[in-house]
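Written below as structure tokens is the structure these notes are about.
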């Protein structure tokens, strides 16, 4: 079997398994419709720390420990860690995973990082470079607001198109040891820029990248949308979902009946006041780990396409008048 | 041959080649002792752009284009890009490489990013995932000062232990096509924290990580320092160099006669007023691409260990009183 398929995809001859996963979330996520799915729901979003950044680091540390424990492994069994977050210079990752003492590949893919980490982790295991790796990521509402928007104390209003950064960390142990789900292929995204400049409408900024990766995936694997039980994007929210479905339709793929978005599922937008939906690296990471993966492992779904989406902006690029380009990395997860 | 060696290393059965490399630097780097080695020396550090961030993006764009051109390839021949930079949310990378339209794995390893990119790029080619990949990184003095230190207009004084961020981008095309240098192995670093809190003394913060990776490398490959023509760190500078050599000696390895540091070589510290030496992701990337790699390709050196070093801090982590942990990724480059 050919490993490289099409322009941007890989199909693994010996597909790595997702041996275990862990999801840790904050209070608001625990109160949402998926609240009961997560492994841990924090009572206090500071998670016993002094700063929001330390709280986010704690999320990563706990998610790592729990995922490794669930797999029946010890930290020293993990050969590589693939992780990143949204904060400048990835500090949630560095300070969160420092004590694990596992060789680290630090990643930055904005909210697509879960897809990037799972892709590189799967590539690594499939090539025989590691028996076990951990792919993970995190975000935290308060550290992200501080990084990208306004101080919490300012209590600013938000447009309805704005998303709500998920407080959470999701971690996955990948390896050759048999489990009920495996990563059979990946499609790695290019940066796609439709010229959107509104940082309060990231769904619109990311949807073209998601459409590009999804349609390229169908082409590379010579598959149609109906060969998937679900196509699950990361955090497009309600505004981005509509754009994504329109763009896919224009490219000849009707995904409307199959499409779900982690950002839409994780909150009850009306009751919880979360605007267009959840966002942040943690959004897709915890929703897949806590909710969707179980449906694949149980066999209810045979094959899904998981497509975390990222908006590549910083306050500096925004203030300098730049656009918000998007990127999306797709991972095929199949029941095994 | 076993691919996995020891705890943290890989030895490639079919070692990928470094087919071409490109180095683009700013005016000050062009005036330094290695000035004549670089492919392009800019006359104006803004590189024709309006902002320092755009200037850094331009460096990446040009380095990518030049490396791909030197390899006799077109951008569409490159299957994956591995790149990152120092700016919050990797904006130099995102805006610099957006137009290449190559699937991108965004990385963050602080100034160790060149080692991380070469490692992942080599893993990717060796596994047959790509015919050609590009591994690259950049930094820019002015965008880094703005990000990490003081506005240029403030004209602050610096302690002698401070380093000077290199303006430059280095890019490498890796592939299976024969050339005169190849990556035969890698040792991936863990985060090492010795509790240094002085962001103006990053050499001291990074030296323990470099020592850890280098000594682990010797153990994993069962080799001694004398089996290398040179051991070349990224940007420890004069302060870090001394600490590194001491720490290695304590662990039973005398590297003093073999050790060089890109940060020390790139400037004439006394004449150019660059303190302890050069730093930034671009420092090791351009010094290897423009200077050291030629010695390997010519056969003057048969085997070197290239160890880019990173200091994992942000202004937020520094202001919150956190330490400056380090990380270092080692790449074995051999004459072929």
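Computed from the coordinates by the stated procedures, all read-outs in this text should not be read as laboratory data. Here the structure is a predicted model, which is why all the values come from computation and not from measurement. All Cβ positions, glycine included, derive from the backbone under ideal geometry; neighbour counts span all protein chains shown.
Some observations on this one:
- For chain A, relative contact order (Cα pairs under 8 Å, six or more residues apart, normalised by length) works out to 25 percent.
- Exposure proxy ranking, count of Cβ atoms within 10 Å, fewest first, for A:136, B:98: B:98, A:136
- Shape summary of region A:1-71, radius of gyration then Dmax from alpha carbon positions: 17.4, 52 Å.
- A Förster distance of 22 Å, applied to the separation of the beta-carbon atoms of residue B:76 and residue B:13, puts the FRET efficiency at 0.20.
- Cα convex hull volume per residue for region B:181-335 (Å³): 105
- FRET efficiency for the pair residue A:251 and residue A:160, taken as 1/(1 + (r/R0)^6) with r the Cβ-Cβ distance and R0 = 30 Å, rounds to 0.65.
- Distances, shortest first, from the label point of residue A:4 to those at the same position in the other copies read 2.7 nm; the point lies 7 Å along Cα to C-beta.
- Gained length - residue A:260 relative to residue A:177, 0.36 nm times residue gap less alpha-carbon distance: 27.0 nm
- Counting only DSSP H runs of at least 4 residues, each contributing -39500 (n - 2.57), and dividing by the residue count of chain A, the helix-based mean residue ellipticity at 222 nm comes to -9500 deg cm²/dmol.
- Short to long, the 10 Å bins of the Cα pair-distance histogram for region A:30-98 hold 19, 43, 34, 4 percent of all pairs.
- Here region A:4-175 is treated as an ellipsoid with the same Cα gyration tensor; its semi-axes, largest first and in whole Å, are 29, 18, 15.
- Per residue, the convex hull volume that the Cα atoms of chain A enclose (Å³): 119
- Region B:152-189 versus region A:154-222: alpha-carbon centroid distance in Å: 30
- Binned Cα-Cα distance frequencies in region B:120-170 - 5 Å width, integer %: 4, 16, 19, 14, 10, 9, 10, 9, 6, 4, 0
- Label points for residue B:177 are taken 7 Å from Cα along Cα→Cβ. From this copy to the others they lie 4.3 nm apart, shortest first.
- In this simple spin-label model, placing a label point 7 Å from the Cα along the Cα-to-Cβ direction at both residue B:44 and residue A:153 gives a separation of 4.3 nm.
- Rounded to the nearest 5, the antiparallel percentage of DSSP beta bridges internal to the protein assembly as shown is 65%.
- Cα-based equivalent ellipsoid, region B:73-151: semi-axes from gyration tensor eigenvalues, Å: 26, 14, 8
- Inter-copy label distances at residue B:315 (7 Å, Cα→Cβ; nm, one decimal): 0.8
- Volume of the Cα convex hull of the protein assembly as shown, divided per residue and given in Å³: 137
- Rg and Dmax of region A:177-252, based on Cα coordinates, read 13.9, 45 Å.
- Using C-alpha pairs below 8 Å separated by at least 6 residues, the relative contact order for region B:29-140 is 29 percent.
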